Structures are given as structure tokens and as C-alpha cells.
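Chemist: Below are the C-alpha cells for one structure; questions will follow.
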Amino acid sequence: MNAEDPGRIVLLTASHRVAPGLLSWPAWQALHAADRVLCAEPDHPQLPYLREAGVTVEHSAPSAQELVDACAGGRSVVVLAGGEGDQPLTDGLARLAGSGRVRMPDLELLPGSYDLPGARLLDLVQVMDRIRIECPWTSQKTHKGLAKYAIEEAYELVEAIEDGDRDELREELGDVLLQVVFHARIAEEGRPEDGAEPFSVDDVAATLVEKLIHRHPHVFGDESAETPEDVHAHWLRTKAIEKRRDSVTDGVPLGQPGLALAAKLAGRVRTARLDVPLPTGDGIGYELLALAVRAEQDGIDPEAALRAAGRAYRDAIRAAEGNA
């Protein structure tokens, strides 16, 4: 070793969302080549796997100056950072480097593992689990008690989409996702009032994955689809086999807004190529039904169209209030 060589510091980080032991090849190379490997956390999740790989790890939390001294003479020291990093150490190294009075070792920040897409969903599940246990309000909620919030959040999401507000859209998508994770966490407990076997958010995701694969044979199977209409036909065919419904109206929620309900029924009738005359009667309800069916036939979402008109009406009201 060259006594004048200031050496090398490697700050090794690893995502807590990736299984311990799954480190990159450069990380393993740095660990095996290091003169010393230090870790301040005696229960760091990577330690058992490093020991199994023959890497000796010292339980030590050196100061910045102590770490620089340990590298003197061309030594290489790897510091295994905790899940939240080591802010005091990095700040101390930055101060030493900025002072100009210390010949600093080469400093490398080496990610040992990276988050995969969707990794933050693991954090969401973990946070939801904790607040379900510790929060007085959250811990008492049931599926029925939360039902109204799912409807509210869905409407707020639609509003964000129609407003074209990207920040609001991101937040409202999170609120809708919260409803899914919240209900799944409740279902995991298997309370008697639920009247069914418990299931987890993983079961929810697994069911969805299976459904998506099964209903996209043109992507995951041998069938082909050249147009959106072909895809829609595949979807309806596989859905009909899965559900074995007696009527095209099965699965249409009657509790949805009236115009949306009328359009959904009209769409089912049109897809099934049924000849169903519209019911007639007195009152505006039948007139609205006819308008909704006509809109659906013209490719217009009557619910969205009415909302757009309602927003214009709201703007007119505000303008009139301003004039007043």
C-alpha cells in the first residue's frame, strides 16, 4: 500500500423494498475487495447474507474523520448504510472535503439494489397496516362504513380528469388506491361480520392479474386482435364464459347515476344485438331515458355530457354572482 494514497470510501446502500441478499454484482465485488466493511446497525437485514458469503462485517459507527483515517495508506472501506442512509456521516464527509485541510479518499456511493416499479406500494401496505392497528379512527372502520368514501373518491377522480389538473389527478388516484388497500386490510382480519374467509391485498392483486391475463389472449395467448373492436370482442367473450350470466343486464349496478345506468343498459343491448323497444310512460324520467339511449348510440357518454353542461351552468352562476 502507498502511504500517501488516501484510499477509498464506498457507501453501500440497498433498498429495503428488495429482499435482503439480492445485491448487484458491483456491490458484491466491492464487499469482497474491501479491507474493512463497517455497519452501524447490529440487526441490519443484509448481515446474515454477508456472513454467509464470507464477508466479515465490523459493528462500528465511525465519525467522518475516523473513516478518513481508516482509509489512509490506500485502504478501501465499505460502509453499509442503513435504510434511511447515514446523514450525519455524509454531512461530516462533506464538511471535511469542503475545508480544504484534509486529503480526502475517493468517495463512491454504490447502490447495491434498486427499487422495482411499484416498490412504493410495499410502503403503502406497511403504512396501512400500522395505522389500522394504532389509529383509533382507522382501526374501527368496516367495509360498510367505508363504502361511501369509495364513491366520493371515484367522483373526485373523475373531476380531476375532467379538469385536466395533473397534480390533482395524482392525488385523487392515491385516494382511490387507499380505498383498495384499506378494504383489503380489513378483509385480512376475517372479522365475523364480514361473513367470509379472510384475504389480503396480495390476493386482490393475484385475482386481478389472473383476470387481465385471461381476458387478453391476444397479448398472453395465441389469439390475435388488430383493432380495439377485436379486443372488446375478446373481452366480452371471455367475460361471458367466466360469469355465465343469464341476462345481459347481470352485473350492471343499479345504484349508479341514472344517466350512466341508462347508457350502460343501452350499451349492453346494442352489443348483444337485441331489439328492445324503450318503455314509455309519463314523466321526465322516460324522456331522460330516451335521451341517454340516443347519446349512447351516438358514442356520447350522457353522464359526462350532463356534467359538462352542469359545469358551464356553475360558471354562469358565478358570473352572475359577480355581476350582482
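The values are calculated or read from the model by the stated rules, or taken from the named source; none is laboratory data. Bear in mind the structure is a predicted one, so any value in this text is a computation, not a measurement. Cβ: placed from backbone, ideal geometry, glycine included. Neighbour counts: every protein chain shown.
Chemist: May I ask you to list the residues in the range 278-296 that are part of a helix (DSSP H, G or I) and charged (D, E, K, R)?
Modeler: Residues satisfying the conditions are Glu287, Arg294, Glu296.
So that you can scan it fast, the table gives a plain yes or no per residue for (1) farther than 30 Å from Arg8 by Cα; (2) hydrophobic (A, V, I, L, M, F, W, C); (3) in a helix (DSSP H, G or I); (4) within 22 Å of the chain's Cα centre (by Cα):
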{"site": "Arg101", "(1), (2), (3), (4)": "no, no, no, no"}
{"site": "Leu124", "(1), (2), (3), (4)": "yes, yes, yes, yes"}
{"site": "Pro136", "(1), (2), (3), (4)": "yes, no, no, no"}
{"site": "Val158", "(1), (2), (3), (4)": "yes, yes, yes, yes"}
{"site": "Glu168", "(1), (2), (3), (4)": "yes, no, yes, yes"}
{"site": "Glu172", "(1), (2), (3), (4)": "yes, no, yes, yes"}
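Chemist: How many residues does the range 53-97 contain that are under 17 Å from Gly112 (Cα atoms) and in a helix (DSSP H, G or I)?
Modeler: Result for the range 53-97: 0.
Chemist: Here is a follow-up. Are there any pairs with C-beta distances below 9 angstrom linking a residue in the range 42-57 that is over 12 Å from Ala19 (Cα atoms) and assigned by TED's automatic domain parsing to the domain that holds Ala14 to a residue that is surrounded by 12 or more Cβ atoms within 10 Å (Cβ to Cβ) and of a type in the set (S, T, N, Q), with the two at least 6 apart or on different chains, and if so which?
Modeler: Short answer, once both residue conditions are applied: Val57/Gln46.
Chemist: Taking into account only those residues within the range 14-44 that are part of a loop (DSSP other than H, G, I, E, B) and surrounded by fewer than 14 Cβ atoms within 10 Å (Cβ to Cβ), which is modelled with the lowest pLDDT?
Modeler: Among those residues, the one meeting the criterion is Ala19.
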